[in-house]
Amino acid sequence: MYLAASYVKYLEAAGSRVVPINYYAGEKELDELFAGLNGIFFVGGGAVFPASAQYLFDKTVRANDAGDFAPLWGTCMGFQWLLISATRNPSILDPSDGTQMDAENYSIPLDFASNDALKKSRLFGSAPADVMNILATQNVTMNNHHYGIFTKHFQQTTALTSFFSLLSTNKDRKGINFVSTIEANKYPIFGAQWHPEKNPFEWAVTTEGVPYEAIDHSPDAVKVSQYMANFFVAQARKSTHKFQDVAREQALLIYNWAPTNTPGGDFVQTYFFPKNF
């Protein structure tokens, strides 16, 4: 198993500590982690949707229904896991005809939804005007996906429209419209098909010095990344979850693992974990 270190840096830069969750974790382990963590983050990557993701999504919904504030975020693959979790349908993603979206290594502005949806949004409703302008006009949202959900499909799926508010869409290189940012209507659950963490932290280049990915590293792009990280960590600060003792917490933190320098790949640094860590 692996984890791009940029996700960890992204959350740490906003004032958070990180605990990695085993993809193969069972319910007992997930129950302990959920009780101690102030938020759950579904990262990007490439993996089959695991039972652990559905379990954590369901626990998040139940906790919030019971008055226990528990935020959840999904980025890229994690965004797609939110769609699968909400519909309980592993086949919800598009395209489903054997083709792929043309949205890999693709930095673009967001096409925001209606002003009414944005005003009601917790994520964007109170965002500074300059951040919203940057998001709407500059190529600061880096997409790196072959799948997602078409906007029309999302709008026609009651299990999604009843649970999530659509905040932004985008078109891939072929003009196909897909959903790019969502948030739950009733719960502190948020999703971005794009990668806020890449702007400040991913600088991988080939041996010829050519960047692997078309990422905007400008001050404005970094400002957007910082806003998104700060927002989610601010949500996590509202949670009262804590581990039973400091020793157990210390044993679980990402600090117990060392990132590996991974030149020659998409990531500058990567954490590698054994299957049963």
Inset, instruction - For S225, state whether it is closer than 18 Å to W73 by Cβ, outside any loop (DSSP other than H, G, I, E, B) and hydroxyl-bearing (S, T, Y). - result: yes
Legend entry - Residue identified as in contact (Cβ under 8 Å) with a residue 60 or more places away in the chain and more than 22 Å from A13 (Cβ to Cβ) among I176, I215: I176
Inset, instruction - Look at the range 112-146 and say how many of its residues are farther than 21 Å from F232 by Cα, in contact with a helix residue (DSSP H, G or I) (Cβ under 9 Å, 6 or more places away or on another chain) and surrounded by fewer than 18 Cβ atoms within 10 Å (Cβ to Cβ). - result: 2
Inset, instruction - Consider I182 carefully, then state whether it is in contact with a helix residue (DSSP H, G or I) (Cβ under 7 Å, 6 or more places away or on another chain) and either at pLDDT below 95 or within 23 Å of D116 (Cα to Cα) (or both). - result: no
Legend entry - The one condition in (1) among the hydroxyl-bearing types (S, T, Y); (2) surrounded by 20 or more Cβ atoms within 10 Å (Cβ to Cβ); (3) at pLDDT below 95 that Y227 fails to fulfil: (3)
Inset, instruction - Scan the range 230-245 residue by residue and report those that are surrounded by fewer than 16 Cβ atoms within 10 Å (Cβ to Cβ) and either of a type in the set (A, V, I, L, M, F, W, C) or not in a helix (DSSP H, G or I) (or both). - result: A234, R237, K238, T240, K242, Q244, D245
Legend entry - Test set (1) over 25 Å from G125 (Cα atoms); (2) without any contact (Cβ under 8 Å) to a residue 12 or more places away in the chain - T158 fails condition number: (1)
Legend entry - All positions within the range 31-63 that are of a type in the set (V, I, T) and surrounded by fewer than 15 Cβ atoms within 10 Å (Cβ to Cβ): V48
Inset, instruction - Check the range 114-121 and report whether any residue there is assigned to a loop (DSSP other than H, G, I, E, B) and either within 21 Å of T75 (Cα to Cα) or free of Cβ contacts under 8 Å to residues at least 24 places away in the same chain (or both). - result: yes
Legend entry - Condition met for K28 (in contact with a strand residue (DSSP E or B) (Cβ under 9 Å, 6 or more places away or on another chain), surrounded by fewer than 21 Cβ atoms within 10 Å (Cβ to Cβ), under 21 Å from L253 (Cα atoms) and basic (K, R)): no
Inset, instruction - Sort out which residues of the range 60-101 are within 19 Å of the chain's Cα centre (by Cα), more than 23 Å from M142 (Cβ to Cβ) and assigned to a helix (DSSP H, G or I), and write them in order of number. - result: T60, V61, S85, A86, T87
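The values are calculated or read from the model by the stated rules, or taken from the named source; none is laboratory data. Every value quoted in this text rests on a predicted model; they were computed, and no experiment measured them. Don't worry about glycine lacking a Cβ; one is built from the backbone with ideal geometry, like all the others, and counts go over all protein chains shown.
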